[in-house]
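Just below is one structure, and these are the notes that go with it.
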Amino acid sequence: GVKISHFGYIMRDPEPVGLRPVLIEASLSGNYLQLVRFINSLERDQLFFIVDSVELGSEHAGVVQLQMKLETYLKTGTT
């Protein structure tokens, strides 16, 4: 039930430990319960996500706007 209106990411230079940081920004909308469940599912996902920030925007007719910044890491193959 969550809709993505904007999504972008930046891949950083690999770190010496063989991981490449990926910074993610997304603009989402949905009702409050849907957004809470979405964030909860990110935290429980088998992929590793760090939720850096969550910013609630306006609400209109039960639809809440939300901006999120997340971080994850990709294995680079060099260890």
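In the stretch 36-75, what residues are touching a residue at least 40 places away in the same chain (Cβ under 8 Å) and open to solvent by less than 50 Å² (accessible area, probe 1.4 Å)?
Listed by number, the residues that qualify are MET68, LEU70, GLU71, THR72.
Restricting the search to the stretch 8-35, which residues are of a type in the set (D, E, K, R) and surrounded by 12 or more Cβ atoms within 10 Å (Cβ to Cβ)?
Scanning the stretch 8-35 gives ARG12, ARG20, GLU25.
The values are calculated or read from the model by the stated rules, or taken from the named source; none is laboratory data. Quick caveat, the model's predicted, so the values are computed rather than measured. Note: ideal-geometry Cβ built from the backbone for every residue, glycine included; neighbour counts use all protein chains shown. Just the protein is used for accessible areas: all its heavy atoms, side chains included, with ligands, DNA and RNA removed. Shrake-Rupley method; radii C 1.70, N 1.55, O 1.52, S 1.80 Å.
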